[in-house]
Amino acid sequence: MWEQLADLYATYQSTLGYIGINSLLALSVYTTLSCGQLALGSAGFAAIGAYAAALLTMRAGAPFPLALLAAALLPAAVAVPLGLPVLRLRGVFLAIATIGFGEVVRLGIVNWDYVNGAQGIVAIPQKASLWMIFLAVAVALFALGRLRGSKWGFALEAIREDEPAARTMGIATTSYKLAMLVAGAALAGVAGGLEAHFTFMVAPNGFGFGRVVDMLVFAMVGGAQVFWGPVVGAAFLTLLPEILREVAPLVGIEPGPLRLMVNGLVLLAVILFLPNGIVSLPQRLRELRQARRAAA
Amino acid sequence: MGQQIINGLFLGSIYALFALGYTLVFGVLDILNLAHAAVFMLASFVALALVGHGIPILLALPLAVLFAGLLGVALERIAFRPLRGRADSNISGLISSLAMATVFEAVALEIWGPNISRFPFGTVPETQFSLFGGVVSKLQLAIIAVAVVLFLALTWLVKATRLGREVRAVAESPRAARILGVDVDRAISASFFISSALGGAAGVLFGLAFNSISPDMGRSVELKGLAVIILGGMGSMPGAVMAGFALGLTEVFVVANLGASWRDAVSFAGLFLVLVLRPRGLLGTAALREA
């Protein structure tokens, strides 16, 4: 029994790690979504965190906790001068500006010889273990959960529902939005630092536009209305390829395209039919059942 | 120098064509259609498949463009129409178009595989001649010409026809347009058809020009297209064309003077600066809308 569990653990260790890392990344997009802002700079923040942590442990010999702290603080510090101008932009303009930021970070690393440019850094010591990753997820969830029902939480909700009205009520909207962007940057940075020391390597092309799209998809599929939705989405979509790998030979489609196809269709179905994500599925089913009962 | 200007104009005309369709949909619906680049890619593959069946490129190009247009109409039906009227429709529309882009990419990956496909040798004439001290191929000139003709045709369509007036009315206010008897759904379908047809044309020309077609070929053009429409002013068609040419020329000069690896960084840094300093772009007139 224990042996089998240990086998299972060994087989799925990396999948579990990815679930945790992807959860942190999904939460980093969620922080700004929770006040109605679509900011897509998280891949850039994660890249900064990953490189900061890897350089500190490998080239400066810093202890891992210190490197992780830097991986949180450095992107957070970058988020302040980034956020002040771009948070004035609304809707898709903010999304585009932050996509531009992410690409500038990625291309800056590609052109930076000290960190091996596009090849990235390899043979990073494996210092991140599963418990650290899940401790980080738990801390993030605890902090975000505490926001609910607090003065802060209500302010964020007010900004999400109607920003001009929130401002009129005396809520310092820019400060709140900036704080959430900074928090998201720190989360993404920690995720990047953990990932670098979990997979032993970082490369700039792992932090492109596609990566931030993945994070957004995790958050939206899980549900961006409640703080634990993004974690559910990240877990679901990280496990999905494992399941699809088994299924692919049965339907006669290559695993790669099948994974993309299912990801796309799941996202489309969620946006069209479950706008609050899969965490709202039980409630939605209850509503449908009640409607049917009322009709009968 | 002359050579670089020619190369820049040629690259710019593809960016301009791509961005025209992108910005048209944004102007009408206020929605960023992130599946535009996937339509660009699929049209290129369709042209390749047609050429592979022995159809000459002069016929394959319009057929692929027609396919792209119809794909755009389907895209609107599936991913945008159901979301219309939702409070957060510009963010949810962006995400549903991403979903469609993923599905399109999966289809291309399954049919054509992840590797680069190429047009067979001799699909287009390889004639070259010299102009302003540089070498230019017939294909490059044809691409610039196609882009200019399509831009003029689109301008005429939007400015002078009944359909164009309806599309502009919907862009101004869908409600008012409906009250005045405009068939809003039809006008939006038409803009998606035109937008995707232009994106498809850009895709086929891009595939011919660089002779390299792959399921992820739309990625970099997608982000550069964003830079172009932001620089030109979201929703402004002359702005998109000017910015497209400006980006093409800038990239060519950056490659020549700073090295190829800086090419993309310059366009994104430019995008970022424009958004921070002058968010409405070169020719954009509308102020940023408050929700």
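General observations
- With neighbours defined as other Cβ atoms within 10 Å of a residue's Cβ, the residues A:E287, B:E166, A:E157, A:E195 order from fewest to most as A:E287, A:E157, B:E166, A:E195.
- Bridgeable aspartates and glutamates around A:K127 (alpha carbons under 12 Å apart, same-chain partners fewer than 8 residues away excluded): A:E195.
- In the elastic network of chain B, a GNM with C-alpha springs shorter than 10 Å, the most mobile of B:S212, B:S44, B:S261 is B:S261.
- Centroid-to-centroid, using Cα positions, segment A:79-140 and segment B:58-90 are 33 Å apart.
- Cross-link reach list, aspartates and glutamates versus B:K138, counting only Cα pairs under 12 Å and skipping chain neighbours closer than eight places: B:E126
- Dimensionless Rg ratio for segment B:161-212, taking C-alpha atoms and the 2.2 N^0.38 Å reference: 1.53
- In sequence order, segment A:162-177 has phi-based couplings of 7, 5, x, 5, 4, 5, 4, 6, x, 7, 6, 4, 4, 4, 5, 4 Hz under the Karplus curve 6.51 cos²θ - 1.76 cosθ + 1.60, θ = phi - 60°, and Gly or Pro positions carry x.
- Here segment A:128-225 is treated as a Stokes sphere of Kirkwood radius computed over C-alpha pairs; at 25 °C and 0.890 mPa s its diffusion coefficient rounds to 158 µm²/s.
- Residue of A:G189, A:G100, A:G256 that the Gaussian network model of chain A assigns the largest fluctuation, springs spanning Cα pairs under 10 Å: A:G256
- Cα-Cα separations in the protein assembly as shown greater than 34 Å, expressed as whole percent: 42 percent
- Where the Cα pairs of chain B fall when distances are cut into 10 Å bins, in %: 7, 28, 36, 22, 6, 1
- Stokes-Einstein D for segment B:26-146, Kirkwood Rh over Cα pairs, 20 °C, 1.002 mPa s (µm²/s): 129 µm²/s
- Across segment A:112-174, the convex hull enclosing all Cα atoms gives 167 Å³ per residue.
- Derived scalar couplings ³J(HN,Hα) [segment A:38-55; Karplus, 6.51 cos²θ - 1.76 cosθ + 1.60; whole Hz; x for Gly, Pro]: 9, 10, 10, x, 4, 5, x, 5, 4, 5, 4, x, 4, 5, 4, 5, 5, 5
- Candidate lysines for bridging to A:K177, where Cα separation is under 26 Å - those fewer than 8 sequence places away on the same chain excluded: A:K151
- Each part reduced to its alpha carbon centroid, segment A:162-205 and segment B:134-189 end up 39 Å apart.
- Close amide-amide hydrogen proximity is noted between A:L274 and no other residue 5 or more places distant or on a separate chain, at a cut-off under 5 Å (H modeled in the peptide plane; Pro and chain starts excluded).
- Computed over segment A:195-289, the alpha-carbon pair-distance distribution with 5 angstrom bins reads 3, 13, 17, 20, 19, 16, 8, 3, 1, 1, each value a whole percent.
- Largest GNM mean-square fluctuation among B:V255, B:V221, B:V148, using chain B with Cα springs under 10 Å: B:V255.
- At 0.692 mPa s and 37 °C, Stokes diffusion of segment A:41-176 via Kirkwood alpha-carbon radius, µm² per second: 189 µm²/s
- Taking all Cα-Cα distances within segment A:1-83, those exceeding 20 Å account for 50%.
- Prolate/oblate/rounded label for chain A (Cα gyration tensor, a/c 1.5): oblate
- Within segment B:78-174, the ratio Rg/Rh, alpha carbon atoms throughout and Rh by Kirkwood, equals 1.13.
- Anisotropy class of segment B:76-126 from Cα gyration tensor, a/c 1.5 cut: prolate
- Backbone phi angles across segment A:182-198, fed through the Karplus curve with coefficients 6.51, -1.76 and 1.60 (θ = phi - 60°), yield HN-Hα couplings of 5, 4, x, 5, 5, 4, 5, x, 4, 4, x, x, 5, 4, 4, 8, 9 Hz in residue order; Gly and Pro are listed as x.
Taken together, the values in this text are just the output of simple stated rules run on the coordinates, not laboratory data. Remember, it's a predicted structure, so these values are computed and weren't measured experimentally. Methodologically, a virtual Cβ is constructed for each residue, glycine included, from the backbone with ideal geometry; neighbour enumeration extends over all protein chains shown.
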